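Report on the following structure.
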Amino acid sequence: MLLRSYVWLYLLFLFGPLAVIALFAFHASPALSFPFEGFSLRWFAEILDDPQFIAALKNSTIVAAASSVMTGILGTLAALALPRLPKRSLAGFNILTFAPIALPGLFLGIALLALFERLGIYRSLWTVTIAHTLFTLPFFIETVRSRVAYFDASLEEAARDLGAGPWTTFRLVTLPILFPTLMGGVLLSFALSFDEVVITVFVVGEKNTLPFYILSMMRRTVNPSINAASVLAMALSLASLLIGGLFFLLQRRRAQGRRTENE
Amino acid sequence: MSTQTISTSGQEPIVSMRGLGKKFGSFVALQGIDLDVREGEILTFLGPSGCGKTTLMRIVAGFEDPTSGSLDLRGADMRRLPPEKRPINMVFQRYALFPHLDVFDNVAFGLRLKKWPVAKINDRVGQMLKMVQMDAMATRWITELSGGQSQRVALARALANEPQLLLLDEPLAALDLKIRHHMLAELKRIQNETRTTFIYVTHDQDEAMILSTRIVLMNQGCIEQLGTPDELYFQPVSLFAAKFLGETNILPARVRGDADGDVVLEGPAGTMRARSKPTGLTEAQEVHVSIRPETISLSTLEAGSASDVNGVCAEIKQIQPIGSRVVYTTRLDNGTELRAQTVRPPDALPLAMGQKVYLNWSDAAVAVLTK
Amino acid sequence: MAWSLPVFDRRQRAGMALAAPATVFLVIFFVIPAMVLLVYSFWISRSFQITQTFTLDNYSRALGNAGLWLSMWNGVWIGGWTAALSVALSFPVAWYIAYRTRSNAILYAVLLSWFSSYLVRIYAWRTILGTSGLINTTLIQSGIIDEPLGFLIFSRTAVIVTLVHLFVPFTLLLLLSALRNVRTDYLEAARDLGASWMQSFRSVVVPMSYKGIVGSFMFTFILAAGDFISPQLLGGREGVTTGLLISNQFRQTGNWSYGAALAFILLGVFLFVYFLVVQSMRFARLSPGLRFHPTLPQDKA
């Protein structure tokens, strides 16, 4: 019972501050204090009128989409490699794929900055996309790892045995079975990229990402529209997770649809 | 007399292996396997885990490449052929049914890849499901099936493709005992119906005995013995074969000579005659003999002796009734122990602990083991 | 001596081909950049201009600088407290999720908070702790204090509170996956053999989930000690960390070589902390693989 109350306190600690921000985003007055003076959407209107905010939002969406697709492709191939690699190569590969998140983001940021400078690469959304892929790829591989490890290799063998070539096997068996996991990994990557700022500050060019823009707002002023911007950013992150859930449902629907066709 | 026959009598073998070897790094999994699989038989690869039986089957399926030797299917070299190109199908140990497809789609999987017309696929799948008595469950999801049902679907899925050879990798290992016996009978029935050649891999001697036309007993990457279940049981050629199949008494012995076509041996159980005669036995050669407990009959001293060619007097040290049978452990004067087994009588056991008895067994019950 | 290339079968060769794209990507954008950075730390740079001459000046200058040591201490202090608090606060919750409940609701809630924005959470604490923030204004309005409490924000404590809030979901997830390996029958066996709750926790749970505990501590430590945005926004003068100094070298001062040297010194400090953590776990006899029969000579190992 004591433990249970503690768990509730813990959740309160996690969500309390977020609730505060969400609440003040709708506050009619600019004061960040109680008593609460009524609800208003003025801060949302203000932030949505800010062309820089809208541009940053667009940039972040592009970067998150591009880097999560890149992570999805590289990560899926890497995940499929895991059960196939010989033991010693696997140990090395595990270290390589995990190392980027075992170091502070700061280190990745300055190292990439140094590389881009050496190669004379102009900083742009491309460099941000690369940085985000570097950051999300290890998370992707770690999340799908256990699922891939439990994947029964004899399923692929069974497909081969029944006449499917390697590619057909992947298309008809491996991919459909792993699809929810992989899609989950891609959406996780999307959300991580959408929120990333620690590495981004080093590799961002003239075009802002959303968190980078919010960070510069936070450094400039204390402005209630930051609350609104934060709530919007958070809502978009959550939306990407919800879309993931929908994908999952659709997948099941389709499978059930096919089932009735056969009857 | 040896059962190590390689060539088959006039019949064209469906699969023939010559000198087939497989190494994993420095580990030798198979060495120099010579084997012919006959059309329409159930050939069982039997052996303890790590003996190479699974590797050998996976080579036939195409999931492993042999390191040496040849592998032919009806005279055509199969070594370069990937698994999907071989007219061979397999029932996997844990069934390997596709969890994202239902029963029908699992069975239809191979046929769709062969681009069969829809109507023909429906017919074939229906026919297969009927054969394995799963026709009422065509639209079930794989996760909704019991072990025995999964097994039937796996069988239907493999047989739907009309393979020339069906491989079964310990298909009953994951099932519990009762269903296992039922499934064995089912397998035999289905094999009878389809006349498909089966290669059956198992470590379970009972399964092998019940099901097989012939058994390949394997040990440490080699074929220990090849023969019918009866040959393996009553005429084991090696200590390993004798111990692996069923319970037996193993005694050391020395060859003394010939008498009426029997081999005369001497050992801790006195002088003994054996009808089985491995080739190349020499006088004074040290060998082992194997005598199955159920071939030894017990009689009380009063009832007299010498009802069989071999006999010895012993004292009963232990009596173990095990279900339908009774196992007596007896000790000879020189300390040698022999176990004898009888059918359990419905009333009280006729023999008691410490009682002196005669043990008798025929010359046909003695197998001479030279390795 | 005979030496031959290892021979790989079809499956292993396929594995290598599949691993190749990710490997190439990580080598180009992780391994090589790290090496470039290492090389930079031995060059000279000023105001974003690099001179390619080998020197150890960056390191000697850094190590002789009291300000650096202070920032290092700040970083370790902040990271250490954050990690210790995160592990301590999360452990009971991980325990609850692993053993006391069958529902995944709490786990999903924690995951959800992990996905709520990093910056938003920093900003939330600034809103709560700031001089005109929630706590101060509420206290002033209710007449408890006259002047805002200045120590609430722009202090190491403010940074630690924020970082704990940031990383605690992550710590929880790592701890939970470690606890999932300690099946309840081990606990029951320990209790059955007469261990009290505390004893079974100390001698069974912790050693068996050792990797997860040390891993989650170190992970949180590195993330917290290397973070530079929270110290920048909440730390004030008291909370200047090496991470912040490094980021300033790269973004404002432009002395990249010096910044690179600082980064490698920081990594060295992280390694040292890892060593300390592992040794102290051993010393407290909480590590796995120790022998508890002191008569045998192996025990010294």
Legend entry - Given charges at Cβ of Lys, Arg, Asp, Glu: the protein assembly as shown dipole, positive-most of C:221, B:184, B:330: C:221
Inset, instruction - Taking a cut-off of 18 Å between Cα atoms, list the aspartates and glutamates near residue B:130, but don't count ones fewer than 8 places away on the same chain. - result: A:263, B:102, B:105, B:162, B:186, B:193
Legend entry - Entries in B:23/B:53; A:87/B:23; B:22/B:277; B:120/B:188; B:243/B:277; B:22/B:85 that, when Cα-Cα distance is taken, lie over 24 Å: B:22/B:277; B:120/B:188
Legend entry - Sequence ranges B:254-262, B:167-175, ranked by mean other-Cβ count within 10 angstrom, highest first: B:167-175, B:254-262
Legend entry - 5 angstrom amide H check on residue A:29, placed H, neighbours 5+ away: A:37
Legend entry - Unit charges at the beta carbon, dipole of segment C:1-115: most positive-side option, C:39, C:49, C:22: C:22
Legend entry - Helix-derived mean residue ellipticity, 222 nm - over chain B, DSSP H n ≥ 4, -39500 (n - 2.57), to 500: -7000 deg cm²/dmol
Legend entry - Residue-wise HN-Hα coupling along segment B:70-80, computed from phi with Karplus coefficients 6.51, -1.76, 1.60 (Hz; x: Gly, Pro): 10, 9, 10, 10, 6, x, 9, 5, 9, 4, 8
Inset, instruction - Rounded to whole Hz and in sequence order, give me ³J(HN,Hα) for segment B:242-253 from the Karplus expression 6.51 cos²θ - 1.76 cosθ + 1.60, θ = phi - 60°, writing x for Gly and Pro. - result: 5, 6, 5, 9, x, 8, 7, 9, 10, 10, x, 7
Legend entry - Partners for residue B:317 among aspartates and glutamates (Cα-Cα distance below 13 Å; same-chain residues under 8 apart left out): B:333, B:337
Inset, instruction - For residue A:58, list the lysines whose Cα falls under 21 Å from its own Cα; do not include residues on the same chain fewer than 8 positions away. - result: A:207
Legend entry - Average beta carbon contacts from partner chains per residue of B:96-107, 10 Å cutoff: 6
Inset, instruction - Per DSSP H run of n ≥ 4, the term is -39500 (n - 2.57); total these for chain A, divide by its residue number, and report the mean residue ellipticity at 222 nm rounded to 500 deg cm²/dmol. - result: -26500 deg cm²/dmol
Legend entry - Local electrostatic count, residue C:11, Cβ distance below 12 Å [Lys/Arg +1, Asp/Glu -1]: 0
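Counting Lys and Arg as +1 and Asp and Glu as -1, each charge on the Cβ, what is the dipole of segment A:24-155 about the Cα centre in debye, to the nearest 20? Kindly include the intermediate steps, with their values, before the conclusion.
On the way: 9 positive and 7 negative charges, 151 e Å.
Dipole size: approximately 720 debye.
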Legend entry - Relative packing of peptides A:67-74, B:76-83, B:270-277 - highest average C-beta neighbours within 10 Å first: A:67-74, B:270-277, B:76-83
Legend entry - ³J(HN,Hα), Karplus 6.51/-1.76/1.60, whole Hz, each residue of segment B:19-26, x for Gly, Pro: x, 6, x, 9, 10, 10, x, 9
Inset, instruction - Enter the mean number of other protein chain beta carbons within 10 Å of the beta carbon of each residue in C:262-268, as an integer. - result: 2
Inset, instruction - May I ask for the angle, rounded to the nearest 10°, between helix A:210-220 and the longest principal axis of chain A, with both axes built from Cα atoms and the value confined to 0 to 90°? - result: 30
Inset, instruction - For residue B:215, enumerate residues with amide H under 5 Å from its amide H, sequence gap 5+ or separate chain, H modeled in the peptide plane. - result: B:44, B:227, B:228
Inset, instruction - Pick out which of B:16, B:70, B:26 has the largest mean-square fluctuation in a Gaussian network model of chain B, springs linking Cα atoms closer than 10 Å. - result: B:26
Legend entry - Packing-based order for B:144-150, C:28-34, A:228-234, using average beta carbon neighbours within 10 Å, highest first: A:228-234, C:28-34, B:144-150
Inset, instruction - Determine the shielding of peptide A:135-147 by partner chains: average, over its residues, the number of Cβ atoms on other chains within 10 angstrom of each Cβ. - result: 1
Inset, instruction - Tell me what chain C gives for mean residue ellipticity at 222 nm when only DSSP H runs of n ≥ 4 count, each as -39,500 (n - 2.57), the sum divided by the residue total, rounded to 500 deg cm²/dmol. - result: -19500 deg cm²/dmol
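Readers should treat all values here as calculations from the given coordinates under stated rules, not as data from a laboratory. No experiment lies behind these values; they were computed from the predicted model shown. In this analysis, Cβ positions are derived from the backbone assuming ideal geometry, glycine residues included, and neighbour counts consider all displayed protein chains.
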